[in-house]
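The values are calculated or read from the model by the stated rules, or taken from the named source; none is laboratory data. Given the structure is predicted, the values throughout are model-derived calculations rather than measurements. Because the Cβ atoms are built from the backbone with ideal geometry, glycine has one as well, and the counts that use them run over all protein chains shown.
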Amino acid sequence: MTLDASLAILAGGRGDRLKAYKPLLRVGGRYLIELVLKNLASFFKEIVVVVREEWQRKLLMESIKAIYRDLNISYAVDFTSIEGPLAAMYTGALESRELKIAVVPSDAPFITHRAFFKMDLILSGGYEAVVPMWPEGFIEPTIAMYLRKPLLRAIDRSISMGERSARSMLKYLNVAYVNAYALSQNPVKEFLNINTYKDLALAEDLAREESSSNPEVGGA
C-alpha cells in the first residue's frame, strides 16, 4: 500500500557536532539516508531529498544512485536564504506534487512507515498537520505529516514574522499533537536522530540488536 503523499527527506544539515555530513554517516554498514529510504521510500508516491548546498546534492546523487536507481527521487536545493529545518520543509513542500507531505530528517535510521500510516489516518480527520509529542511535551515537527498548501502558508507567515524554528509555524496550523507512543511501539528508537557521537554509538548498538534478532536485515 502506498500513501497518497510525498516524502521530503531533510538532508541539508552540516553535522557540525559530528564533523561530518550526516546523511552519509554509516550505521550497521549503511548510510543513514540509505536506511531512511529503505524504510520509507516504497510507501510514498514521490521522494524529494532537500539539501542546503549544491555540493550536498551532487554528493548524495553520486553516493546512492546505484542503490536506489529505480526510485522516483528528486533533489532540491533550499530556495530561501534562511537556514535550518524550516527552510528545508518549505523547499520540500514547494517541490512536491501531492496534496499531503511527510517530512523526516535524513539522520533518523529507524523510522518506519507504520508511524506515517497512523499520522495519515489522523490527518484525514480534518487536521492540517499531525505532529508526534512526547509525554513531557517535546514535539517532533520534522517527523510529521502536513497538508502541503497549508504548510506553505504557515511557513510563509512564520518567516514574515521573523520566526525561524520549525515549531514556530505550527501555531498557524490546525495541528493534531499525538502521543509518540500511540504512533510507535518503540518511539525512543524509531524517532532517534543522530546528532552526537553518543547518538551514533547508540544507533550502532540498536542496529546490531536488530541484525541479531533478524539475520535477513543484517545481510540484506
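Is there a residue in segment 88-105 that is free of Cβ contacts under 8 Å to residues at least 60 places away in the same chain, assigned to a loop (DSSP other than H, G, I, E, B), crowded, with 19+ Cβ neighbours inside 10 Å and not hydrophobic (A, V, I, L, M, F, W, C)?
Within segment 88-105 (the criterion being free of Cβ contacts under 8 Å to residues at least 60 places away in the same chain, assigned to a loop (DSSP other than H, G, I, E, B), crowded, with 19+ Cβ neighbours inside 10 Å and not hydrophobic (A, V, I, L, M, F, W, C)), the answer is no, since none of the residues qualifies.
Can you name the residue in segment 180-204 that is of a type in the set (S, T, N, Q) and under 18 Å from the mean Cα position of the chain (by Cα) and, of all such residues, is nearest to HIS113 (Cα to Cα)? Even if it seems obvious, please write down each step before you answer.
Filtering segment 180-204 for residues of a type in the set (S, T, N, Q) gives 184-186, 193, 195-196.
Narrowing further to those that are under 18 Å from the mean Cα position of the chain (by Cα): 184, 186, 193, 195-196.
Numbers: SER184: 10, ASN186: 13, ASN193: 16, ASN195: 22, THR196: 25 Å.
Taking the candidates together, the pick is SER184.
Enumerate the pairs (first residue in segment 197-220 and modelled with pLDDT under 90; second residue anywhere and surrounded by 14 or more Cβ atoms within 10 Å (Cβ to Cβ) and acidic (Asp, Glu)) with beta-carbon separation below 6 Å, excluding pairs fewer than 6 apart on the same chain, so at least 6 apart or on different chains.
Hits for this filter: VAL217/GLU210.
Identify the residue in segment 151-208 that is hydroxyl-bearing (Ser, Thr, Tyr) and assigned to a helix (DSSP H, G or I) and, among all such residues, is nearest to GLU128 (Cα to Cα).
Ranking the qualifying residues of segment 151-208, first place goes to TYR172.
Check whether at least one residue in segment 168-179 is within 30 Å of GLU209 (Cα to Cα) and among the hydrophobic types (A, V, I, L, M, F, W, C), and report yes or no. Can you show your working first?
Going through segment 168-179, the residues within 30 Å of GLU209 (Cα to Cα) turn out to be 178-179.
Subsequent filtering for residues that are among the hydrophobic types (A, V, I, L, M, F, W, C) retains 178.
Yes: segment 168-179 contains one or more residues that are within 30 Å of GLU209 (Cα to Cα) and among the hydrophobic types (A, V, I, L, M, F, W, C).
Using the structure shown, decide if ARG148 is among the basic types (Lys, Arg), surrounded by fewer than 16 Cβ atoms within 10 Å (Cβ to Cβ), in contact (Cβ under 8 Å) with a residue 60 or more places away in the chain and within 22 Å of PHE44 (Cβ to Cβ). Please lay out each step first, then the result.
On the way: among the basic types (Lys, Arg): yes; surrounded by fewer than 16 Cβ atoms within 10 Å (Cβ to Cβ): no; in contact (Cβ under 8 Å) with a residue 60 or more places away in the chain: yes; within 22 Å of PHE44 (Cβ to Cβ): yes.
So ARG148 does not fit the description; no.
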